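Structure, as structure tokens:
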Amino acid sequence: MLPSAVQNLLDYYRPLCTFSHGWAGGESLLAPGTNLLGANAAYLSEDADESVMAAARDWAEQHDLPPLRVRLGSAGDAGTLRVGAWRAAAGPSAIQVEQTSRLHLPRWADVLAEAYGQAEWAAPIARHLAARLEGLPDAVLLLAYAGSEPVGALLWQPCGAHLWGTLDEAVDAPLLSAAADLGGGELSVSLPDSSPLSVTDGQTVGFGRML
């Protein structure tokens with residue numbers, strides 16, 4: 001059985017991946033041609049044996065992707081998150097958050113990719129998510145604005161909001177609160193390990209290469 005934080009990430013990213021494969025005690029997701037970390041990793045139980053990990057490694061490498069594993073409670077060399085509950089906090093803000101049409105997905109992807117300093121991934125992400133979102137009628141794209149300038153992007157699903165990014169840390173809380181409002185005031189989210197914000201019942205989750 002997977003820890004709750006790991007299971008929540010898996011539930012969120014499964015519909016965003018291209019391929020999935022179930023193993024004894026876990027599952028692998030792959031989205032070739034994108035840099036979506038959560039959609040390119042193996043979600044394996046802590047007691048997964050070496051044969052399972054070897055099979056998961058081989059499967060990722062067959063798709064020309066690095067074999068990454070999601071693990072609870074440890075930093076990962078490919079990325080580290082804090083996963084927990086975010087409660088919407090009302091308050092004055094110069095940031096405006098709006099739902100955006102899926103026709104504006106390229107613009108949304110531009111903001112997300114720029115937030116991570118990887119502008120070259122914007123077009124591949126937009127193409128990939130355009131296909132995936134066709135099967136996700138409940139998913140919502142949010143864009144945050146400072147005046148007329150888009151400064152944050154987030155993909156909301158009923159199970160959480162783990163794919164998001166902003167161009168300024170001051171945008172993080174308003175964007176996450178807007179997403180939480182969509183879920184009744186509280187939502188499972190991921191924070192970068194470097195974020196000064198905090199989540200309730202937060203758990204550290206690392207993405208690391210399987211050796």
Q.
For the range 30-64, give me each residue that is under 26 Å from residue 113 (Cα atoms), surrounded by fewer than 17 Cβ atoms within 10 Å (Cβ to Cβ) and in contact with a Pro (Cβ under 9 Å, 6 or more places away or on another chain).
A. 33, 35, 61, 63, 64
Q | Candidates 160, 152, filtered to the one that is farther than 21 Å from residue 11 by Cβ and not aliphatic (A, V, I, L, M) | A | 152
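Which one of these is of a type outside the set (Ser, Thr, Tyr) and in contact with a strand residue (DSSP E or B) (Cβ under 9 Å, 6 or more places away or on another chain): 123, 153, 90?
On the way: 123 fails: in contact with a strand residue (DSSP E or B) (Cβ under 9 Å, 6 or more places away or on another chain); 90 fails: in contact with a strand residue (DSSP E or B) (Cβ under 9 Å, 6 or more places away or on another chain).
Result: 153 is the single residue among 123, 153, 90 that is of a type outside the set (Ser, Thr, Tyr) and in contact with a strand residue (DSSP E or B) (Cβ under 9 Å, 6 or more places away or on another chain).
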Q: Would you please name the residue that is surrounded by the most Cβ atoms within 10 Å (Cβ to Cβ), looking only at residues in the range 96-113 that are touching a Leu at 6+ places or on another chain (Cβ under 6 Å) and β-branched (Val, Ile, Thr)?
A: 97
**Q.** Verdict on residue 79 being in contact with a helix residue (DSSP H, G or I) (Cβ under 8 Å, 6 or more places away or on another chain), of a type in the set (Gly, Ala, Ser) and either open to solvent by 20 Å² or more (accessible area, probe 1.4 Å) or touching a residue at least 60 places away in the same chain (Cβ under 8 Å) (or both)
**A.** yes
(Q) Looking at the range 186-210, I want the residues that are open to solvent by 20 Å² or more (accessible area, probe 1.4 Å) and have a partner that is of a type in the set (S, T, N, Q) with Cβ atoms under 8 Å, at least 6 apart or on another chain. Which pairs are those? (A) 188/8; 192/80; 193/80; 193/204; 203/4; 204/74; 204/80
Q: Please list, ordered by first then second residue, the pairs with beta carbon atoms under 8 Å, 6 or more apart or interchain, first in the range 122-134 and over 12 Å from residue 104 (Cα atoms), second acidic (Asp, Glu) and assigned to a helix (DSSP H, G or I).
A: 122/110; 122/114
**Q.** Inter-residue pairs, beta-carbon under 7 Å, first free of Cβ contacts under 8 Å to residues at least 60 places away in the same chain and in the range 5-34, second among the small types (Gly, Ala, Ser) and open to solvent by 30 Å² or more (accessible area, probe 1.4 Å), 6+ apart
**A.** 14/20; 23/55; 27/20; 28/20; 29/20
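Looking at the range 25-34, can you tell me whether even one residue there is more than 19 Å from residue 135 (Cβ to Cβ) and either aromatic (Phe, Trp, Tyr) or touching a helix residue (DSSP H, G or I) at 6+ places or on another chain (Cβ under 6 Å) (or both)? Break it down into steps so the answer makes sense when it comes.
Residues of the range 25-34 more than 19 Å from residue 135 (Cβ to Cβ): 25-26, 28.
Next, only the ones that are either aromatic (Phe, Trp, Tyr) or touching a helix residue (DSSP H, G or I) at 6+ places or on another chain (Cβ under 6 Å) (or both) stay: 28.
There is at least one residue in the range 25-34 that is more than 19 Å from residue 135 (Cβ to Cβ) and either aromatic (Phe, Trp, Tyr) or touching a helix residue (DSSP H, G or I) at 6+ places or on another chain (Cβ under 6 Å) (or both).
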Q: Of all residues in the range 116-140, count the ones that are touching a Gly at 6+ places or on another chain (Cβ under 9 Å) and over 20 Å from residue 179 (Cα atoms).
A: 3
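The values are calculated or read from the model by the stated rules, or taken from the named source; none is laboratory data. Here the structure is a predicted model, which is why all the values come from computation and not from measurement. Note that we place each Cβ from the backbone using ideal geometry, even for glycine, and neighbour counts take in every protein chain shown. We work out accessible area using only protein heavy atoms, side chains counted, and drop any ligands, DNA or RNA first. Shrake-Rupley method; radii C 1.70, N 1.55, O 1.52, S 1.80 Å.
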